[in-house]
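Q: The structure that follows is given in the form of structure tokens.
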Amino acid sequence: MTILSADNINYEYIKSDKDGAPAIVFLHGWGGGVLSFLPVAEQLGGTDRLLLDFAGFGASPADRVRTLEDYCDDVLALMDEIGMEKAVLVGHSFGCRVGACIAAYHPERVVGFVITDGAGLRPRRGISYYLKIFLFKLRRKLGFDVSGAGSEDYRALEGVMKKTFVNVVNRYTEKECAKIACPTLTVWGKDDADTPFYMAKRFKRLIRDCEIVTLDGGHFCYIQNLAVYTAVVRSFVEGVWYGVV
């Protein structure tokens, strides 16, 4: 592990001994870190692999409130630090929000994009959701204690990460997805309850060059089907890097 001094971003860089090898940047989900994608990275020999702890996760400190754009800047600064001019982005859940923004606004840095059970699209909301919001606002207005409200992820956070979480979950990326021009592969667990499969179909509609692969399992299908997932990612990475796709 090494540290990027600019923002103390903890990362691991696995360099191939092959010149011109495909470069991959792994972008973990909320609550994850370097270890989230390490089993995948270890099976992708012959590539340059960059894994990181986003600020506030793993060994990277939560030094300030961040926006989605700040997380994008951290990734690009880290790529600059190690001399990685461009890469295939491989994201999971929250990491796909970051990847979508990088691919949309810095296309020269992105060769391809793998969205794995991705977050960032506005979810479908039923009447129960809006009723819950109404009751929360009413209780707060009446002076009741609402400190126990919010998602489990939100309640588990402290300090600047609470505000960071609010910034991120309220930042949808439909606009960015519509700008993505690089080849994109969407990999989805058939039984994903956190980001349901209809979101995979929406990514495909929004992104001009996007295909879907489904795997057995849920929100962490890439771990549940490690060998298959790794083979799919390798095929995609080599295809876009060497111009086959």
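The values are calculated or read from the model by the stated rules, or taken from the named source; none is laboratory data. Keep in mind the model is a prediction, meaning the values are calculated, not measured. We place every Cβ from the backbone using ideal geometry, glycine too, and count neighbours over all the protein chains shown. We work out accessible area using only protein heavy atoms, side chains counted, and drop any ligands, DNA or RNA first. Shrake-Rupley method; radii C 1.70, N 1.55, O 1.52, S 1.80 Å.
Q: Inside segment 201-220, can you point out the residues that are farther than 17 Å from Gly112 by Cα and either aromatic (Phe, Trp, Tyr) or open to solvent by less than 10 Å² (accessible area, probe 1.4 Å) (or both)?
A: The one that is farther than 17 Å from Gly112 by Cα and either aromatic (Phe, Trp, Tyr) or open to solvent by less than 10 Å² (accessible area, probe 1.4 Å) (or both): Phe220.
Q: Additional query: Kindly indicate the residue of segment 63-83 that is in a helix (DSSP H, G or I) and over 18 Å from the mean Cα position of the chain (by Cα) and also surrounded by the most Cβ atoms within 10 Å (Cβ to Cβ) among those meeting that condition.
A: Checking each candidate, the answer is Glu81.
Q: If the requirement is being at pLDDT below 95, farther than 26 Å from Val240 by Cα and part of a loop (DSSP other than H, G, I, E, B), which of these qualifies: Gly58, Gly45?
A: Selected residue: Gly58, the only one of Gly58, Gly45 that is at pLDDT below 95, farther than 26 Å from Val240 by Cα and part of a loop (DSSP other than H, G, I, E, B).
Q: Just checking, which of Ser60, Ser16 is hydroxyl-bearing (Ser, Thr, Tyr) and open to solvent by 10 Å² or more (accessible area, probe 1.4 Å)?
A: The unique qualifying residue is Ser16.
Q: Can you name the condition, by its number, that Gly118 falls short on among (1) out of contact with any helix residue (DSSP H, G or I) (no Cβ under 6 Å at 6 or more places or on another chain); (2) of a type outside the set (Val, Ile, Thr); (3) assigned to a loop (DSSP other than H, G, I, E, B)?
A: Condition not satisfied by Gly118: (1).
Q: Looking for something in a strand (DSSP E or B) and over 19 Å from Leu27 (Cα atoms) - is there at least one such residue anywhere in segment 186-209?
A: Within segment 186-209 (the criterion being in a strand (DSSP E or B) and over 19 Å from Leu27 (Cα atoms)), the answer is no, since none of the residues qualifies.
Q: Would you pick out the residues in segment 203-238 that are more than 15 Å from Trp188 (Cβ to Cβ) and hydrophobic (A, V, I, L, M, F, W, C)?
A: Leu226, Ala227, Ala231, Val237
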